[in-house]
Amino acid sequence: MKKTKYKKIAKEVIQNEIEGLKKLKSSIGVSFEQIIKTILNCKNGKVIVSGVGKSGIISKKWAATFSSTGTPSFFMDASNASHGDMGQINSNDVVILISLSGSSNELKNIIQFCSRNRSIKLIGITSNKQSILYKNSDIKVLIPNVREAGPGNFVPTSSTTNQLALGDAIAITCMVSKKFGKLDFKKYHPSGSLGTKLKTVGDIMLTGNKIPFVKHDITMKSALNIISKKGLGVLFVRKNKFTTGIITDGDIKRISQKNLDFQKVKISSVMKKNPISIEKDTLAAKALEIMNTNRITSLCVHNGKRKNITIGIIHIHNILNANIS
């Protein structure tokens, strides 16, 4: 088979799935709103997702995405449900069953179990309006029938893509409704490349004695000694508890070239006033962007609206050492 044929097949598969997603988009309506309200109101229970075969694999993705975006959830294996795992389902839980046919034998016992307890909300996701799942669900969601990719229209492709997309749509809608933001997301993803991208200034800033603070009335001679000891190439000038200025080793060199008696000069008379300060919950990647834009290597860090009260500093070395780019 020619390589051009491979590309043609690939594009046909993707196009089939795009057409399926268009159908899914058009079908979003009242039942979707009911799902969101039901999940958001599930405050004393859990969200349990289950399915069989390929739909079971999609169910695992639903549960994982829900949990990582502020909706606690877990996957229940449909085959094991009839052998004791249904004990995980309690009153006030929301059970989501995903099945293309809606008639899989493994789901029937779960449907029956949920039907006996009216405080359990059963959400049925299927493409078969005549199925036992559709007829017995509290919230009935009919995913449109779509043409599967490949010869014969029998390999679960476009249908499972639609199931996957619907789960993402539900998860993100709930996430937005709960005002679940970057910092919340970060709590559930502390490791790996994603955790690195979500590191905040507060995670890597220097605090306490590591901040190169100096008093506003010291001379440049003292400043030169301190900046050498601290090794960061920058000093932050403070008067009482307020940060009033900043001076770098580059500034000191330029001042020394202009003033032969510069060591007696007070730092407050030559410092740069009102150094840039950022909130501690700012993403470290944003701090790096600010540094690059302003061609500086350090930023003050504040908490809340009091920008002139520095609780830490972030140096470009801190960002680079954290592998943030």
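Readers should treat all values here as calculations from the given coordinates under stated rules, not as data from a laboratory. Keep in mind it's a predicted model, so treat the numbers as computed, not measured. Neighbour counts are summed over all protein chains in view; Cβ atoms, including those assigned to glycine, are modelled from backbone coordinates with ideal geometry.
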FRET efficiency, K210 to V30 (Cβ-Cβ, R0 51 Å, nearest 0.05) = 0.35
With r defined as the distance between the Cβ atoms of Q88 and R254 and R0 fixed at 41 Å, what FRET efficiency is calculated, to the nearest 0.05?
-> 0.05
If you take the Cα atoms of the chain, find Rg, then find the Kirkwood Rh from the mean of 1/r over all pairs, what is Rg/Rh?
-> 1.22
Just how far, in whole angstrom, is segment 23-74 from segment 248-317 if you go by their alpha carbon centroids?
-> 48 Å
With a ≥ b ≥ c taken as the square roots of the eigenvalues of the C-alpha gyration tensor of segment 201-321, please select rounded if a/c is under 1.5 and otherwise prolate if a/b is larger than b/c or oblate if it is not?
-> prolate
Mind checking which aspartates and glutamates have their C-alpha under 16 Å from K253, skipping anything on the same chain fewer than 8 residues away?
-> D261
Hey, what do the phi angles of segment 272-282 turn into as Karplus ³J(HN,Hα) couplings, whole Hz, using 6.51/-1.76/1.60 and θ = phi - 60°, x for Gly and Pro?
-> 8, 7, 6, x, 5, 10, 10, 5, 5, 8, 5
Neighbourhood charge, 11 Å Cβ-Cβ cut-off, centred on G231 and excluding it, Lys, Arg +1 and Asp, Glu -1 | +2
Given backbone amide H placed at 1.01 Å from N, residues whose amide H is under 5 Å from that of I278, ignoring those fewer than 5 places away on the same chain, are C300, V301, H302
Quickly estimate the mean residue ellipticity at 222 nm for the chain, helices only: each DSSP H run with n ≥ 4 gives -39500 (n - 2.57), and the total goes over all residues, rounded to 500.
-> -13500 deg cm²/dmol
Between rounded, prolate and oblate, where does segment 13-163 land on the alpha carbon gyration tensor, with a ≥ b ≥ c its root eigenvalues, rounded for a/c under 1.5, else prolate if a/b exceeds b/c?
-> prolate
